[in-house]
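These notes concern the structure reproduced below.
The values are calculated or read from the model by the stated rules, or taken from the named source; none is laboratory data. Everything numeric here is computed off the predicted structure, so don't read it as measured data. Note that each Cβ is placed from the backbone with ideal geometry, even for glycine, and that neighbours are counted across all protein chains shown.
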Amino acid sequence: MSPKDTASSSKSGGSSAFTPARIAVLALAVLAVIFIFENTRQVKIRLLIPEVTMPLYLALAAVFIIGGICGGYFVARRRK
């Protein structure tokens, strides 16, 4: 298969794995993970329950995961 064939097949309806939007989302996800693991000190958190002391990275990771689940839910609902 020549390079010309692969270029024409990707333009004829095949989706590229590296679109600008996917690259931006991947970059934001990487930055979020770096931010999470850079913040490791203990913090006090209170949300409708008594105060809990935990590493900040666990709280940030939990919020990141919950946000991903919510985002995935809304994307799935939009596709229907």
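Considering every residue within the stretch 18-25, establish whether at least one is surrounded by 10 or more Cβ atoms within 10 Å (Cβ to Cβ) and either modelled with pLDDT under 85 or of a type outside the set (Val, Ile, Thr) (or both). Yes, some residue in the stretch 18-25 is surrounded by 10 or more Cβ atoms within 10 Å (Cβ to Cβ) and either modelled with pLDDT under 85 or of a type outside the set (Val, Ile, Thr) (or both). Contact annotation: residue pairs with Cβ atoms under 6 Å, 6 or more positions apart or on different chains, pairing a residue in the stretch 48-64 that is more than 11 Å from residue 35 (Cβ to Cβ) with a partner that is surrounded by 13 or more Cβ atoms within 10 Å (Cβ to Cβ) and at pLDDT 85 or above, are 52/45; 59/45.
Which of the residues belonging to the stretch 34-80 are assigned to a helix (DSSP H, G or I) and either among the acidic types (Asp, Glu) or touching a Phe, Trp or Tyr at 6+ places or on another chain (Cβ under 8 Å) (or both)? Selection gives 36, 37, 38, 57, 60. Within the stretch 27-52, if we keep just the residues that are modelled with pLDDT of 90 or more and touching a Leu at 6+ places or on another chain (Cβ under 9 Å), the residue that is surrounded by the most Cβ atoms within 10 Å (Cβ to Cβ) turns out to be 43.
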